[in-house]
Amino acid sequence: MSKRMILLGPPGAGKGTQAVIMADNAGIAHVASGDLFRKHLGVGTELGLIAKGYMEKGDLVPDDLTVRMVLERIREDDASEGYVLDGFPRTVGQATALDQALLELGQSIDKAPLIEVGKQELIRRLSGRWVCRGCQAPYHEIFNPPRKVGICDKCSSDIYQREDDKPEVIAARLDTYEAQTIPLIEYYQSQGKLIRINGEQEVEAVTTDLGNAISFNGSFS
Ligand code: ADP
Ligand code: ADP
Ligand code: ZN
């Protein structure tokens with residue numbers, strides 16, 4: 001079974017939705033760079049303030065800051081059994097920095113599933129997304145509503161719409177993905193780690209395909 005994975009895919013593909021399920025099933029950590037930045041923003045750290053300017057425009061936060069933040073996170077105890085990286089790496093520079101750091105630790109990435117979803121569907125998903133203020137679980141007003149209106153099923157915090165899920169910023173983020181993140185597909189393909197997953201299916205069907213691709217089905221066997 002794969003223990004160190006990178007979930008690739010455009011904004012809105014369902015990376016966060018699937019990463020939470022994969023991490024729970026496999027007993028590994030879910031590490032989402034966007035969630036980490038939003039936590040910094042929430043408590044008002046210097047990194048959060050710097051990241052804010054990029055995030056609200058749909059641009060990427062500079063590689064050096066992002067790489068340092070994620071590498072620190074994957075050294076924490078709960079990531080010692082493995083992790084699903086969600087939203088990182090997003091540039092070839094980040095991917096090479098990650099590979100270099102893992103090499104020094106005697107580790108490597110096992111698999112990099114790519115969740116593929118077309119642009120129109122991405123816009124539908126992002127414009128209807130609501131996120132939990134507490135645990136950052138993603139919901140959708142039509143496709144995946146919480147059981148109680150406005151309240152997270154998992155932690156009962158309130159849910160909100162992200163500032164960068166507005167139409168203008170969605171368009172900018174999709175352009176950023178095409179310009180800076182698409183080259184990563186080739187990067188992981190050439191390492192023999194890329195697995196393409198059809199993301200335009202129900203959440204459960206995507207979970208099943210991902211489970212098969214990384215050779216576990218909700219268990220360690
Ligand atoms: P990402 O982390 O890739 O940006 P999310 O997991 O936050 O994506 O999902 C984006 C939006 O699409 C959320 O509102 C989520 O509830 C919804 N969503 C996720 N997977 C699916 C799916 N398979 N079908 C329909 N909607 C989905
Ligand atoms: P999405 O749901 O669109 O995949 P994320 O929550 O992963 O969005 O990211 C939100 C924002 O945080 C990005 O638009 C970007 O500004 C910043 N960000 C997240 N991850 C990275 C990264 N790996 N490199 C640079 N910036 C990042
Ligand atoms: Zn929650």
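Can you find a residue that is within 16 Å of ligand 1 (Cβ to nearest atom), of a type outside the set (Lys, Arg) and over 21 Å from residue 176 (Cα atoms) anywhere in region 110-121? No, region 110-121 has no match at all. The requirement of being over 26 Å from residue 168 (Cα atoms) and in contact with a Lys or Arg (Cβ under 8 Å, 6 or more places away or on another chain) is satisfied by residue 28.
Computed from the coordinates by the stated procedures, all read-outs in this text should not be read as laboratory data. In this text the structure is predicted, and so the values were computed from the model without any measurement. Cβ atoms come from the backbone with ideal geometry, glycine included; neighbour counts cover every protein chain shown.
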